[in-house]
Amino acid sequence: MAKLAAVLATTHHPFYLKATTAPADQQIPEAPEWKRKVEAYRETLTKAEPELLVMVGADHFHQFFLDNYPQFLIGKSPRYDATFYNEEREFGIPKYVLEGHEDLSNFMHKGLLARGFDFAFSNELKLDHSIICPIITTRPQADLPVVPIYTNIFAPPLPSPKRFWDLGRAIREIIDEYPSDKRIAAIGSGHLSLELGGPRQFRETGPDPEFDRQAIEWLSTGNIDAILANVTHESMARSGNATHGFMDLILMMGIAGPIPAAYSDSLSLFHTMEAYITWYPEGAAQ
């Protein structure tokens with residue numbers, strides 16, 4: 001059976017690459033620390049020696065819109081083009097082509113259906129920065145096959161936080177059952193408190209620093225009971241209009257299981273808090 005080598009949950013700030021590769025005299029003051037923290041986080045994946053990546057993200061209205069936005073979708077392509085024109089223009093993210101893994105995609109899709117998750121699928125999925133930014137930060141050589149999973153964190157009505165946790169547990173079961181000797185890592189990106197286009201977007205911190213502090217603590221300690229007792233669609237909306245991306249981090253903790261994280265770090269970055277969490281399930285690389 002396959003080995004789940006590591007589970008990573010992170011934010012996906014689209015300006016990371018541009019901010020840390022600009023000439024030194026043009027970089028923001030936080031850039032050197034940001035780069036150091038990301039490179040330390042990257043090592044948590046590298047030492048797990050993954051051979052295949054399950055990537056969890058969300059489409060930022062690049063392919064799916066309010067007229068047809070799937071709650072959950074899995075990519076089933078032999079390869080994935082990445083980076084849309086506005087991401088190149090605004091964020092300086094280059095184009096990518098990632099290898100797919102059709103066998104695990106098909107196995108995952110069937111397993112999810114059997115567990116009551118009626119996934120949509122795509123044979124022509126193009127990836128946006130919710131997946132490419134974690135590739136840039138954790139596997140910049142982009143040399144491993146990926147199985148991309150998209151969730152709906154943007155287009156109401158949204159699945160519940162409990163549904164995201166349950167989906168993570170289902171994905172974990174399927175990885176454990178996959179008939180392969182591959183070392184698989186799961187990497188997912190989402191948000192802490194975040195405001196997009198609203199009055200709290202450009203504060204010196206994220207819109208709700210107290211939620212950020214609690215969220216990192218809950219993820220770091222594996223405290224799913226506290227998350228499900230305190231996090232609702234309404235509470236996330238009060239913390240910022242895009243805070244629902246936190247549900248993708250709940251999903252990643254579901255894949256890991258309710259266990260303490262082996263690595264936890266964060267960075268306050270003017271309008272947002274960045275988070276970097278890694279779990280090593282059941283005796284994987286420590």
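The values are calculated or read from the model by the stated rules, or taken from the named source; none is laboratory data. None of these values were measured; they are calculated from a predicted model. Note: accessible area is taken over every heavy atom of the protein model, side chains too, but ligands, DNA and RNA are not part of it. Shrake-Rupley method; radii C 1.70, N 1.55, O 1.52, S 1.80 Å.
Looking at the chain, what % of its DSSP beta bridges pair antiparallel, to the nearest 5?
Percent antiparallel among DSSP bridges in the chain is about 45.
What aspartates and glutamates could a cross-link reach from residue 35, if we take a straight Cα to Cα line under 15 Å and drop same-chain neighbours fewer than 8 places away?
Within reach: 43, 265, 274.
First obtain the Kirkwood hydrodynamic radius of the chain from its Cα pairs, then insert it into the Stokes-Einstein equation at 20 °C and 1.002 mPa s, and state the resulting D in µm² per second as a whole number.
For the chosen part, D equals 114 µm²/s.
For the pairs 110/162; 37/162; 3/76; 3/162; 3/110; 47/182, note any where the Cα-Cα span goes beyond 27 Å.
From the list (110/162; 37/162; 3/76; 3/162; 3/110; 47/182), the Cα-Cα distance tops 27 Å for 37/162.
May I ask you to list the aspartates and glutamates whose Cα is less than 15 Å away from that of residue 95, ignoring any residue fewer than eight positions away on the same chain?
Result set, ordered by chain and number: 81, 87, 128, 143.
Give me the accessible area per residue for region 3-279, probe 1.4 Å, as a whole number in Å².
Averaged over the residues of region 3-279, the accessible area is 40 Å².
Identify which of 136, 28, 250 has the largest mean-square fluctuation in a Gaussian network model of the chain, with springs joining Cα atoms closer than 10 Å.
Comparing 136, 28, 250 in the GNM, the peak value goes to 28.
Using a 1.4 angstrom probe on the protein heavy atoms only, line up 34, 165 by accessible area, largest first.
In descending accessible area the options line up as 165, 34.
Could you order 177, 274, 49 so the one with the most accessible surface comes first? Probe is 1.4 Å.
I get 49, 177, 274, largest accessible area first.
Cα centroid distance between region 25-101 and region 129-168, in Å?
9 Å
Within the chain, which DSSP H helices have Cα atoms that stretch 15 Å or more along the helix axis and a mean Kyte-Doolittle hydropathy of at least -1.0?
102-114, 161-177, 209-221, 246-256
Can you sort 154, 119, 270 by 1.4 Å-probe accessible area, starting with the largest?
270, 154, 119
At a 1.4 Å probe radius, carbon and sulfur cover how many percent of the accessible area of region 3-279?
Within region 3-279, the accessible surface is 52 percent carbon and sulfur.
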